[in-house]
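Visitor: One structure follows; several queries about it will come next.
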Amino acid sequence: MSTNNRILEAATLGVLLCIGFVALGFLLSNGALKVKELERTVTVKGLSEREVQADIAIWPIRFNEANNDLNQLYSEIQRKSDLAVKFLKKYGFSDSEISVSQPAILDRQAQSYGNASAIKYRFTSSVTITVYSKKVEEVRNAMKKIVDLGKQGIAITGQDYENKTEFLFTGLNNIKPEMIEEATKNARIVAQKFAKDSNSKLGKIKKARQGQFSIMNRDRSTHYIKKIRVVSTVEYYLSD
């Protein structure tokens, strides 16, 4: 083979290689642009809120008693407990909704500190009567009339952290699907608005994250009204 033929073949091979590299570069570049285009996304949040009435009430009624005679103390505890239960039944609560705790008796003279001679009453006790009921409105009405027990000589103690009325909502599972759907729709509305403003088209969902449901009191004064809230986070693809 002549030298000229070898040079021609080498040149041809070189040209073909150059064309191949250019074509490969174009394909890779075009593919990268398409991948980059697919990566255009927008992340939005959709909110759903509901106000609902509590469906369970837990109402503790606590009173204290003191006496120097233990038998008399127990008798007085029983008498006042019976009065409290009678009061609750008057407002429509059944035995199954009312529970009476065992009295907590304290012998103050048996304590290892303090001046025993200065103690007016040796024995003190506390009793808690608890209403656990689905009759939320009846509980609220009875709470307004609790002064009637005071008129019968029962000094009801104030509520503290461990002894306060609670209102609960237990029907979350019944409204979850509807709220999730609403949160997702609201997220899509926001995404569509963003796509329109950016001269883009909204594509499919890339990923979605469902937030936790929160149940809170609507405010400090109406614990029997609950605010339920959930936020959905959705990421959509965008295209031109």
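Visitor: At R0 = 51 Å, how high is the FRET efficiency between residue 47 and residue 100 if r is their beta carbon distance? Nearest 0.05 is fine.
Guide: It comes out at approximately 0.70.
Visitor: Given 135/226; 144/227; 176/227; 135/164; 86/120, which pairs have Cα atoms separated by over 22 Å?
Guide: Table pairs above 22 Å Cα-Cα are 144/227; 86/120.
Visitor: Hey, if you put +1 on the Cβ of every Lys and Arg and -1 on every Asp and Glu Cβ in region 157-240, which of 184, 199, 232 ends up farthest toward the positive end of that dipole?
Guide: 199
Visitor: Still on this model: Could you compute the FRET efficiency for residue 151 and residue 71, with r as their C-beta to C-beta distance and R0 at 30 Å, rounded to 0.05? Don't skip to the end; give the middle numbers.
Guide: On the way: r = 26 Å, r/R0 = 0.88.
For R0 = 30 Å, the calculated efficiency reads 0.70.
Visitor: May I pose another question? Tell me the net charge near residue 57. Cut-off is 13 Å between Cβ atoms, residue 57 excluded, with +1 for each Lys or Arg and -1 for each Asp or Glu.
Guide: Taking every other residue near residue 57 into account, the sum is 0.
Visitor: Can you figure out the FRET efficiency of residue 90 with residue 173, using R₀ = 25 Å and their beta-carbon distance, to the nearest 0.05?
Guide: Here the calculated transfer efficiency is 0.10.
Visitor: Continuing with this model, one more query. Express the relative contact order of region 57-166 as a whole percentage, based on alpha carbon pairs under 8 Å and six or more residues apart in sequence.
Guide: With pairs under 8 Å counted, the relative contact order is 46 percent.
Visitor: Write down the Kirkwood hydrodynamic radius of region 57-166, to one decimal in angstroms, obtained as one divided by the mean of 1/r over all alpha carbon pairs. Could the numbers behind the result be given before it?
Guide: Numbers: mean 1/r = 0.0667 Å⁻¹.
This gives a value of 15.0 Å.
Every number here is computed from the coordinates shown, using simple stated rules; none is lab data. Owing to the predicted nature of the structure, the values given are computational and were not obtained by experimental measurement. Please note: Cβ atoms are built from the backbone with ideal geometry, for glycine as well, and neighbour counts cover all protein chains shown.
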